[in-house]
Amino acid sequence: MARMTPREIIAEAWAITRREASMRRWGCTSAFFELLLSIKLISYQIYFLYEYFWGTGGAGFFDIEIVIYESMPHWFFWTFLIVLGVLFIIEFFFPHMALGAIIGLAAKSHMGEPVKGGMVLALYNFFAVFTIHEIFVLGSLSTSITLTSVIMRYIEGNAKGFIIGLLWLVWALSNVLRFFFSFAEEAVVIDKVGMFEALGRSFKLIISYLGHIMFLLLLLFVISLRIILNVAIIVVIPGLVIGIVLLLGTFLSTLLTWIIGGIVGIALTLVASYFFAYLHVFKQTVWTITYLELRKHKDLDVIG
């Protein structure tokens, strides 16, 4: 049975990405919450880094919240705290739900089925997708940066350098393993297999067809491009918001300045998420189509 060529897979994935608005909505919403979480984590780390090297050296986890409590009305502080907590929960869980929906809808579109049932796909596959992602949680760049910051501020002595080096070694190994388990989510969503079977199936497919699926090099380039763009956006958006807040603070009240700065920050994140949605959905659709194509063939360890 002939496989689709890498060129055909990429062309089909892009056509599906442009055609299916429901998939882009899931991708945009997921990208928005992922960006929000990353921006908050990195913004906190920039503050901690500044205090560590150029400030008092004693930055705490809740310094920003304390400043807001002391300088803002109490109703604003508690509203801010509740919104922050709710957003954190959504940001932590929603991207895993969205991934299940995107994979399932992409598979339906490729196979000519009605592209519907995104919420069912998201909820039904959430736990398995979430568990697979959490296995490789240290492969996340923002998570590793956050842990590095914690180690630098709270661990003393010669062990600090060793632990940071070990952390980034685990980060590198996690990303290598994540590559070999790239089809695990597809196996869970499409074939309804268990987590461990999905990991094994993914590893076998990657090893078996590594020489025949050179388009993975292109995918790696796209993924790297997205990481670079993510880092740029994560750094640029807080910088723009801080600049706007400082400018408005010269002639507006503190409360109004914070509100306008927050609205501008969310608006910029939404605009960035819209563009990331195409890249996110396209990349995931390529993997989904590839899995569907490769699973048509007999496993290479089966004889006869």
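The values are calculated or read from the model by the stated rules, or taken from the named source; none is laboratory data. The model shown is predicted, which means the values in this text are computed figures rather than measured ones. Methodologically, a virtual Cβ is constructed for each residue, glycine included, from the backbone with ideal geometry; neighbour enumeration extends over all protein chains shown. Side chains included, ligands, DNA and RNA excluded: accessible areas come from the protein's heavy atoms. Shrake-Rupley method; radii C 1.70, N 1.55, O 1.52, S 1.80 Å.
In segment 144-180, how many are hydroxyl-bearing (Ser, Thr, Tyr) and exposed (fewer than 15 other Cβ atoms within 10 Å of the Cβ)?
Filtering segment 144-180 down to residues hydroxyl-bearing (Ser, Thr, Tyr) leaves 144, 146, 148-149, 154, 174.
Restricting the remaining residues to those that are exposed (fewer than 15 other Cβ atoms within 10 Å of the Cβ) gives 154.
Summing the residues that are hydroxyl-bearing (Ser, Thr, Tyr) and exposed (fewer than 15 other Cβ atoms within 10 Å of the Cβ) in segment 144-180 gives 1.
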Segment 70-83: number of residues that are assigned to a helix (DSSP H, G or I), loosely packed, with under 13 Cβ neighbours inside 10 Å and not hydroxyl-bearing (Ser, Thr, Tyr): 6
Kindly list, by first and then second residue, each pair from a residue in segment 146-171 that is over 22 Å from residue 40 (Cα atoms) to a residue that is hydrophobic (A, V, I, L, M, F, W, C) and in a helix (DSSP H, G or I), limited to pairs with Cβ atoms under 8 Å and residues at least 6 apart or on different chains. 155/163; 160/151; 160/152; 163/151; 170/138
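I want to confirm something. Restricting to segment 1-30 and keeping residues that are polar (S, T, N, Q) and under 26 Å from residue 297 (Cβ atoms), which single residue is surrounded by the most Cβ atoms within 10 Å (Cβ to Cβ)?
Residues of segment 1-30 polar (S, T, N, Q): 5, 17, 22, 29-30.
Filter once more, keeping what is under 26 Å from residue 297 (Cβ atoms): 5, 17.
Values: 5: 11, 17: 24.
Among those residues, the one meeting the criterion is 17.
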Tally time: how many residues in segment 92-126 are surrounded by fewer than 19 Cβ atoms within 10 Å (Cβ to Cβ), more than 13 Å from residue 26 (Cβ to Cβ) and not hydrophobic (A, V, I, L, M, F, W, C)? 4
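Being of a type in the set (D, E, K, R), modelled with pLDDT of 75 or more and open to solvent by less than 40 Å² (accessible area, probe 1.4 Å), is that true of even one residue in segment 277-300?
Pass one, segment 277-300, residues of a type in the set (D, E, K, R): 283, 293, 295-296, 298-299.
Filter again for modelled with pLDDT of 75 or more, leaving 283, 293, 295-296.
Imposing the further condition that a residue be open to solvent by less than 40 Å² (accessible area, probe 1.4 Å) reduces the set to 293.
Yes; the residues of segment 277-300 include at least one that is of a type in the set (D, E, K, R), modelled with pLDDT of 75 or more and open to solvent by less than 40 Å² (accessible area, probe 1.4 Å).
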Residue in segment 186-211 that is surrounded by the most Cβ atoms within 10 Å (Cβ to Cβ), counting only those that are among the hydrophobic types (A, V, I, L, M, F, W, C) and over 15 Å from residue 124 (Cβ atoms): 205
Apart from one, (1) out of contact with any Leu (no Cβ under 7 Å at 6 or more places or on another chain); (2) of a type outside the set (S, T, N, Q); (3) surrounded by 12 or more Cβ atoms within 10 Å (Cβ to Cβ); (4) farther than 16 Å from residue 95 by Cα all hold for residue 183; the odd one out is (1)
Could you list, in sequence order, all residues of segment 61-104 that are small (Gly, Ala, Ser) and in contact (Cβ under 8 Å) with a residue 24 or more places away in the chain? 71, 98, 100, 101, 104
